[in-house]
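What follows is a set of notes on a single structure, which appears directly below.
The values are calculated or read from the model by the stated rules, or taken from the named source; none is laboratory data. Predicted model only: the values in this text are computed from it and were never measured. Accessible surface is based on the protein model in full, side chains and every heavy atom, while ligands, DNA and RNA are left aside. Shrake-Rupley method; radii C 1.70, N 1.55, O 1.52, S 1.80 Å.
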Amino acid sequence: MRLTVSVQYVAARAGLPAQPTIAKWAGAALRGIRKERITLSVRLVGTKESARLNRRYRAKPGPTNVLSFPFACPPGAHTDVLGDLVICAPVVRREARQQGKAERAHWAHMVVHGILHLRGHDHKNRKDAATMETLEIRILKGLGFSNPYVS
């Protein structure tokens, strides 16, 4: 599979993961997909943009760590576009600090988590959450990160 990841840095770029790093994390979450090419975009934003998108698309107030927007291709059309991720840099930094995690590990988790949403996974009930968490743990372990659900 050939992966193209476009990263848009809207938030202050200092300390944010570089495009090749984000692409590596995304690639790990996409292993096993039987497509020749996959294209996606990742937009790293501040709290205002995250809050606006969270309110508009999820009807929830305030910023959130990651939003996933899968691309729905019209019937009969073909594309390599998987979708878009919007990750809120200040929220990721705050959560990492509050949870006592390395910031880089939490960034990797948010990218993997978002990609799994783009692949159709969800965590709306216990069974689906357990499935998604198991996948996240396995993928992150393969990237050298510990279980994000254990403090």
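Rank these residues by their accessible area, most exposed first, probe 1.4 Å: Arg93, Arg119.
Arg119, Arg93
What is the extension gain from Arg94 to Tyr9, computed as 0.36 nm multiplied by their sequence separation minus the C-alpha to C-alpha distance, in nm to one decimal? Walk me through the intermediate numbers first.
Numbers: separation 85, 0.36 × 85 = 30.60 nm, distance 1.82 nm.
Going from the current span to full extension adds 28.8 nm.
Tabulate in residue order the Karplus-calculated ³J(HN,Hα) for the stretch 6-12, using 6.51 cos²θ - 1.76 cosθ + 1.60 with θ = phi - 60°, rounded to whole Hz; enter x for Gly and Pro.
Karplus values, whole Hz, x for Gly and Pro: 9, 10, 10, 9, 9, 6, 3.
May I ask you to compute the full-extension gain from Arg31 to Val81, defined as 0.36 nm times their residue separation minus their alpha-carbon distance, rounded to one decimal in nm?
The span from Arg31 to Val81 would gain 16.4 nm if fully extended.
Tell me the accessible surface of Arg13 in square angstrom (1.4 angstrom probe, heavy atoms of protein chains only), to the nearest ten.
So the heavy atoms of Arg13 present about 140 Å² to solvent.
Using modelled backbone amide H atoms (1.01 Å from N, in-plane), which distant-in-sequence or interchain residues come within less than 5 Å of Ala11's amide H?
The answer is Leu44, Val45, Gly46.
Can you give the helix-only mean residue ellipticity at 222 nm for the chain, where every DSSP H stretch with n ≥ 4 adds -39500 (n - 2.57) and the sum goes over all residues, rounded to the nearest 500 deg cm²/dmol? Can you show the working numbers first?
On the way: 5 runs with 68 residues, N = 151.
-14500 deg cm²/dmol, from helical runs alone.
At 1.4 Å probe radius, can you tell me the per residue accessible area of the chain in Å²?
58 Å²
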